[in-house]
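Notes follow once the structure below has been shown.
The values are calculated or read from the model by the stated rules, or taken from the named source; none is laboratory data. A quick note: this is a predicted structure, and the numbers were derived from the prediction, not measured. Because the Cβ atoms are built from the backbone with ideal geometry, glycine has one as well, and the counts that use them run over all protein chains shown. For the accessible areas, the whole protein counts, side chains as well, though only heavy atoms, and no ligand, DNA or RNA atoms are used. Shrake-Rupley method; radii C 1.70, N 1.55, O 1.52, S 1.80 Å.
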Amino acid sequence: MNDILPLQTPLWQYLEQNTRAVLSSYGYSEIRTPIVEQTELFCRSIGEVTDIVEKEMYTFEDRNGESLTLRPEGTASCVRACEEHGLIYNQVQRLWYTGPMFRYERPQKGRYRQFHQIGVETFGMAGADIDTELLLLTARLWKALGVSHAVTLQLNTLGSSEARAAYRNRLVDYLTEHQDQLDEDSRRRLTTNPLRILDSKNPEVQNLLNDAPDFHACLDQESLAHFEQLKANLDAAGIAYEVNPRLVRGLDYYGRTVFEWVTDKLGAQGTVCAGGRYDGLVEQLGGRPTPAVGFAMGVERLILLLEAEASLPDFVKRQADVFVAALGDEAAAAAMHLSEELRDKTNLRVTLDCSGGSVKSKMKKADRSGARVALLLGENELERQVVALKPLRMQSEQQEVPLDQVATLLLAGTEYFEE
């Protein structure tokens with residue numbers, strides 16, 4: 001579980017602000033749920049025989065002996081909250097959330113035991129058009145973040161529950177004949193969750209699957225038509241994709257559309273956004289049958305991708321736009337007043353030096369802050385009602401500016417603050 005330090009948080013805020021802006025432009029509303037839920041909620045939704053429930057959940061008993069779990073994902077909590085507060089039945093909902101999730105996994109780059117997700121869930125819409133909207137939304141976000149070139153969309157359809165059951169039987173028959181070629185994980189899944197074998201990362205298992213029965217040959221016509229419509233919508237919108245017939249996702253509640261945005265820029269942790277349809281989950285958790293589709297993005301992985309591939313705006317890399325420093329008590333009071341005036345009249349980030357020291361030490365602090373401009377105010381400048389303005393990121397001479405004109409000059413000073 002990691003600390004996110006002050007030098008890292010501007011990048012997190014940049015990601016969060018862009019995501020909020022894109023989601024808002026599509027009319028999505030934020031929902032916030034507790035990080036602790038009853039354990040049964042995740043067992044019923046995710047599946048008793050998934051890796052998450054079997055190996056990865058942080059579960060404990062409270063003082064009343066009730067089994068509670070730190071949420072390992074957000075969809076089940078969102079469905080529970082919507083059902084509890086009557087937000088789903090005969091209604092259309094477009095929701096999103098963000099926050100920490102918890103899984104007991106082997107920590108590695110891009111994968112932590114406390115990690116963060118941004119999730120989107122929609123309810124009450126059964127057509128391929130809402131599936132398309134989610135993919136258009138994520139494509140717009142990648143463009144806003146400057147990582148479109150680094151991600152690829154993979155699609156598949158898992159069909160109806162009946163189609164999955166029929167394929168499951170055919171797959172089990174085939175793999176049982178070749179059980180000696182399966183690794184330990186796949187042999188275990190053969191009796192618990194055989195579709196997850198399709199997602200095995202073992203090259204030998206993947207070679208064996210080359211001759212496995214064709215999943216799409218078992219699909220029902222309604223699911224195939226839904227999938228064809230989704231592909232046609234994406235083609236019309238100019239969104240490139242790859243059909244990956246082995247894409248199954250790790251949670252039991254998915255059916256029909258599943259998708260992942262993947263990258264080859266982060267090594268083994270290549271999935272940055274994943275989701276799909278879960279039309280049966282609301283009913284499974286006690287509600288009425290409700291079509292639903294959503295996705296989740298791994299924030300840590302997106303941060304790594306931004307650091308590796310995006311041309312980040314300069315403000316992400318600096319703590320301040322303007323650094324204000326004073327020498328002497330009277331000048332310090334005036335510098336504080338000036339800083340407040342700049343915050344009132346501009347949108348600039350203003351850092352006031354409150355630590356004392358010489359002019360030289362103050363200039364070092366100004367440089368470390370990343371500010372574009374330093375404003376220096378001493379007793380001499382105060383007597384003449386001026387401030388020394390020193391550009392820090394461009395070859396330009398220091399100049400004196402009347403105190404009452406500083407805000408106006410900085411507002412007009414695009415040469416100081418252009419990215």
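Using the Cβ atoms and a cut-off under 14 Å, what net charge is assigned to the surroundings of GLY356, where Lys and Arg are +1 and Asp and Glu are -1?
Taking every Cβ under 14 Å from that of GLY356, the sum is +2.
In Å², what does the accessible area per residue of the stretch 152-283 work out to with a 1.4 Å probe?
Per residue, the stretch 152-283 has an accessible area of 45 Å².
Counting helices only, and only those DSSP H runs with n ≥ 4, report the 222 nm mean residue ellipticity of the chain as the sum of -39,500 (n - 2.57) divided by its residues, in deg cm²/dmol to the nearest 500.
Here the helix-only value at 222 nm equals -11500 deg cm²/dmol.
Give me the percent of accessible area attributable to carbon and sulfur for the chain, probe 1.4 angstrom.
About 47 percent, which is the carbon plus sulfur part of the accessible surface.
Semi-axes of the stretch 6-96's equivalent ellipsoid from the Cα gyration tensor, sqrt of 5 times each eigenvalue, largest first, rounded to whole Å?
Square roots of five times the eigenvalues give 28, 20, 12 Å.
Quick one: grab the alpha carbon gyration tensor of the stretch 50-194, order the square roots of its eigenvalues as a ≥ b ≥ c, and give me rounded if a/c is under 1.5, else prolate or oblate depending on whether a/b is larger than b/c.
Cα axes put the stretch 50-194 in the rounded bin.
Regarding the chain, what's the average projected area of the Cα-atom convex hull, expressed in nm²? Show your work: numbers first, answer last.
Numbers: hull surface 104.1 nm².
Mean orientational projected area (the chain, Cα hull): 26.0 nm².
Hey, which of these cross-link pairs are over 27 Å Cα-Cα: LYS143/LYS201; LYS201/LYS265; LYS143/LYS317; LYS55/LYS201; LYS143/LYS345; LYS317/LYS362?
Beyond 27 Å: LYS143/LYS201; LYS143/LYS345.
Would you mind computing, in nm to one decimal, how far apart the modelled labels at ALA126 and TYR58 are, each placed 7 Å from Cα along Cα→Cβ?
In this crude label model, ALA126 to TYR58 measures out at 4.0 nm.
Sorted by accessible area with a 1.4 angstrom probe, largest first, how do CYS43, CYS273, CYS354 fall? Intermediate values should be presented prior to the final figure.
On the way: CYS43 25, CYS273 0, CYS354 110 Å².
Sorted by accessible area, descending: CYS354, CYS43, CYS273.
Could you compute the FRET efficiency for ARG246 and LYS364, with r as their C-beta to C-beta distance and R0 at 51 Å, rounded to 0.05?
0.35
For the stretch 60-125, what does the accessible surface come to per residue with a 1.4 Å probe? Please give it in Å².
Per residue, the stretch 60-125 has an accessible area of 47 Å².
Looking at the chain as a GNM with Cα springs under 10 Å, which of LYS231, LYS265, LYS360 has the largest mean-square fluctuation?
Largest GNM mean-square fluctuation: LYS360.
Given axes a ≥ b ≥ c from the Cα gyration tensor, I'd like to know whether the stretch 118-209 is rounded (a/c under 1.5), prolate (a/b larger than b/c) or oblate.
oblate
How much of ASP62 can a 1.4 Å solvent probe reach, expressed as accessible area in Å² and rounded to 10?
About 50 Å², ignoring ligands and nucleic acids.
I'd like the per residue volume of the convex hull spanned by the Cα atoms of the stretch 287-404, given in cubic angstrom.
Working: hull volume 23.1 nm³, N = 118.
Hull volume normalised by residue count: 196 Å³.
List the pair-distance distribution P(r) of the stretch 196-249, using every Cα-Cα distance, as the percent of pairs falling in each 5 Å bin from 0 up to the bin containing the longest distance, rounded to whole percents.
For the stretch 196-249, the binned pair fractions read 4, 16, 21, 21, 16, 13, 8, 1 percent.
May I ask for the net charge around LYS109, where only other residues with Cβ less than 13 Å from the Cβ of LYS109 are counted and Lys, Arg are +1 while Asp, Glu are -1?
Surrounding charge for LYS109 is +1.
So how far, in whole Å, is the C-alpha centre of the stretch 353-409 from the one of the stretch 277-328?
Cα centroid to Cα centroid, the span is 36 Å.
So, in Å, what gap is there between the alpha-carbon centers of the stretch 199-228 and the stretch 111-170?
17
Within 13 Å, Cβ to Cβ, of ALA331, how many net charges do the neighbouring residues add up to if Lys/Arg are +1 and Asp/Glu are -1?
With Lys, Arg at +1 and Asp, Glu at -1, the net is -4.
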